[in-house]
Amino acid sequence: MSTFIVMLGPPGAGKGTQAKRIARELGLPHVSSGDIFRENLKNKTELGELAETYMNRGELVPDGVTIAMIKDRLSREDCGDGAILDGFPRTPAQAKALDQMLSEMDAQVDTVPYINVPDQVLIKRLTGRWTCPECGHMYHEEFNPPVEDLVCDNDGAELYQREDDKPETVKNRISVYREQTQPLIDYYEKQGVLTEIDGDQEISEVTDELLSILS
Ligand code: AP5
């Protein structure tokens, strides 16, 4: 039996941080739409160039390309037992497409942890985020700093700040989330799979709460 978990929450809620931790714990792949777009951007693919124009403005990449990209990712062998989805779905059309994809795999969305965090905390988290270009580990200059300034603890690579973490873009990302992604709370509540989690606590406390829900 497979297990598909959808991490829901505003930008900066900690979806990526938590998805990595629970993926390790549960032995499932972490499928992040944002990471796949950024990987394409780094490799200068056509998809990466298309996505960049939307990402840098804090807007959503069109549903058609995003759905096709995730469908391709979920069809790979490592998703046979399930996956932790982070950043997808983000619109009602994407949520319906995911239901369809999973039903073709004899699977379904099993649990949707909705990580809730107040807006003022989100802005502080995103504008202070630093990421490793090699292993993708995320740090925060105040809440979760590396041992040595701007250097990844895991592999020594120089950390970078995401282009879309500038204050103006962050504000737009949050309002795009409110308009286009928030309706999914209702969508998954109606399916009986949504569980709200207080994301405004220590990273390890959020992980413990998540793991207790998922076990
Ligand atoms: P994406 O990469 O998915 O970004 P996002 O959803 O905006 O989420 P973030 O990665 O910014 O935040 P997060 O919730 O993962 O928080 P994190 O763990 O990093 O998408 C980027 C763009 O790609 C979109 O704007 C769009 O253009 C495009 N895109 C992606 N998916 C798409 C889709 N499905 N459809 C269309 N377009 C799509 O944590 C943030 C910071 O806070 C870190 O520094 C971390 O260390 C810190 N932190 C985390 N938890 C805590 C805590 N509990 N306490 C203190 N600090 C914490």
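The values are calculated or read from the model by the stated rules, or taken from the named source; none is laboratory data. Because the structure is predicted, anything quoted here is derived from the model rather than measured. Neighbour counts are summed over all protein chains in view; Cβ atoms, including those assigned to glycine, are modelled from backbone coordinates with ideal geometry. We work out accessible area using only protein heavy atoms, side chains counted, and drop any ligands, DNA or RNA first. Shrake-Rupley method; radii C 1.70, N 1.55, O 1.52, S 1.80 Å.
Can you check what the net charge comes to around THR131, using other residues whose Cβ is under 15 Å from the Cβ of THR131 (Lys, Arg +1; Asp, Glu -1)?
In short, -4.
Roughly what % of DSSP beta bridges within the chain run antiparallel, to the nearest 5?
Among the beta bridges of the chain, antiparallel pairing accounts for roughly 25 percent.
How far apart, in nm, are two points set 7 Å out from the Cα along the Cα-to-Cβ line at ALA157 and at GLU142?
The modelled label-to-label distance comes out at 2.7 nm.
Near ASN116, within a Cβ-to-Cβ distance under 10 Å, what is the net charge of the other residues, with Lys and Arg +1 and Asp and Glu -1?
For residues surrounding ASN116, the net value is -3.
So how many Lys-Lys pairs in the chain land under 17 Å Cα to Cα, not counting same-chain pairs under 8 apart?
5
At a 10 angstrom cut-off on C-beta neighbours, averaged per residue, how do the peptides 11-17, 60-66 rank from highest to lowest?
The densest-packed peptide leads the list: 11-17, 60-66.
Quick one: net charge of THR169's neighbours, Cβ under 11 Å, K/R +1, D/E -1?
0
Assuming a ≥ b ≥ c are the square roots of the Cα gyration tensor eigenvalues, decide whether segment 157-196 counts as rounded (a/c under 1.5), prolate (otherwise, with a/b larger than b/c) or oblate.
Here segment 157-196 falls in the oblate category.
Could you sort THR53, THR91 by accessible area so the largest value comes first, with the probe set to 1.4 Å?
So the residues, ranked largest to smallest area, are THR53, THR91.
Roughly how many Å² is the accessible area per residue of the chain, as a whole number, for a 1.4 Å probe?
So the chain comes to 51 Å² accessible per residue, rounded to a whole number.
With a cut-off of 8 Å between alpha carbons and a minimum separation of six or more residues, what is the relative contact order of the chain in percent?
Rounded, it is 30 percent for the chain.
Give the ranking of SER32, SER215 by solvent-accessible surface, highest area first, calculated with a 1.4 Å probe.
SER215, SER32
Taking the Cα of CYS135, stepping 7 Å toward and past its beta carbon, and measuring to each backbone N in segment 13-48: which are under 13 Å?
21
May I ask you to give the percent of accessible area on the chain that is carbon plus sulfur, with a probe radius of 1.4 Å?
About 47 percent, which is the carbon plus sulfur part of the accessible surface.
Run the 1.4 Å probe and let me know the accessible area of TYR54, rounded to the nearest 10 Å².
Its heavy atoms expose roughly 60 Å² to the probe.
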